[in-house]
Amino acid sequence: MKLTDEQEAFLQKLASGGAAEARRNNLPVSAMLACACQETSFGTHGVFLQTNNPFHLQKWPWVLYPTSAGSLRIRTNVAPPGVPEVWRVTFFNTAPDLPDAVRQWCEWILHYGEADGPPGNENPHFKQVAVPAAKAKRDRLLALRDKPVEFADNLLLVGFGNSVQSHLYSKCITDNSLTRFDDPLYSQF
């Protein structure tokens, strides 16, 4: 499927703003791009338009990682596709710009399970604790850093998408030749 001009513009803007941050954290640029493109429908989804964060990072404001300048309470459907909708008001991280949003994506992955653990606790007075099972999932994902398509396919290990949607990240990489952005010699970014 060929990208529309608007989709390609979103992809290029995200790559120019965030590729360096993903590389600095040794995470595949193509997986970052695919995650953002799928989460926001290439920059058109309402949550992104409100938060300027293309990763739809949901966390309680008092949870340590990823750090953000703020959050917004937004009513959203939290049910997976194919089942009746379940609407809740939840917190979404905001970002002042795309490089900061990518930094948050990196922190989400690199610190997954270290503080409060998924799905997090609504009580800000509870001590934040590490969750060994969540950290093990994160480590399984990080072992795939040098395999961008597999990395993208396994983002569900750290809370992105679900088993029904997870293949959409890797499909976005292959359908749009996003691995070109992983090459450190790719001169544009």
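The values are calculated or read from the model by the stated rules, or taken from the named source; none is laboratory data. Just so it is clear, the structure is predicted and the values come from calculations on it, not from any experiment. Cβ placement follows ideal geometry from the backbone for every residue including glycine, while neighbour counts extend to all protein chains displayed.
Scan (1) farther than 21 Å from Cys172 by Cβ; (2) in contact (Cβ under 8 Å) with a residue 60 or more places away in the chain; (3) in contact with a Phe, Trp or Tyr (Cβ under 6 Å, 6 or more places away or on another chain) for the single condition Ala31 breaks and write down its number.
Every condition holds for Ala31 apart from (1).
Restricting to segment 46-83, and then to whatever is within 19 Å of Gly17 (Cα to Cα) and loosely packed, with under 12 Cβ neighbours inside 10 Å, can you tell me which residue is nearest to the chain's Cα centre (by Cα)?
Looking at residues that are within 19 Å of Gly17 (Cα to Cα) and loosely packed, with under 12 Cβ neighbours inside 10 Å, I get Leu49.
Report yes if some residue within segment 159-176 is of a type in the set (Lys, Arg) and surrounded by 15 or more Cβ atoms within 10 Å (Cβ to Cβ); otherwise report no.
Yes, segment 159-176 contains at least one residue that is of a type in the set (Lys, Arg) and surrounded by 15 or more Cβ atoms within 10 Å (Cβ to Cβ).
Could you say whether any residue in segment 133-145 is at pLDDT 90 or above, part of a loop (DSSP other than H, G, I, E, B) and over 26 Å from Lys13 (Cβ atoms)?
First, the residues of segment 133-145 that are at pLDDT 90 or above: 133-145.
Subsequent filtering for residues that are part of a loop (DSSP other than H, G, I, E, B) retains 143-145.
Subset that is over 26 Å from Lys13 (Cβ atoms): 143-144.
Yes, segment 133-145 contains a residue that is at pLDDT 90 or above, part of a loop (DSSP other than H, G, I, E, B) and over 26 Å from Lys13 (Cβ atoms).
Six or more apart or on different chains, Cβ atoms under 9 Å: show the pairs whose first residue is in segment 46-63 and under 12 Å from Thr94 (Cβ atoms) and assigned to a helix (DSSP H, G or I) and whose second is of a type in the set (Asp, Glu) and modelled with pLDDT under 95.
Val47/Glu39; Phe48/Glu39
Is it the case that segment 65-78 has a residue that's β-branched (Val, Ile, Thr), at negative phi and not in a loop (DSSP other than H, G, I, E, B)?
Yes, some residue in segment 65-78 is β-branched (Val, Ile, Thr), at negative phi and not in a loop (DSSP other than H, G, I, E, B).
Looking at segment 1-47, which of its residues are in contact with a His (Cβ under 7 Å, 6 or more places away or on another chain) and under 22 Å from Asp183 (Cα atoms)? It would help to see each step written out before you state the result.
Step one: of segment 1-47, the residues in contact with a His (Cβ under 7 Å, 6 or more places away or on another chain) are 39, 47.
Answer for segment 1-47, where residues must be in contact with a His (Cβ under 7 Å, 6 or more places away or on another chain) and under 22 Å from Asp183 (Cα atoms): there is none.
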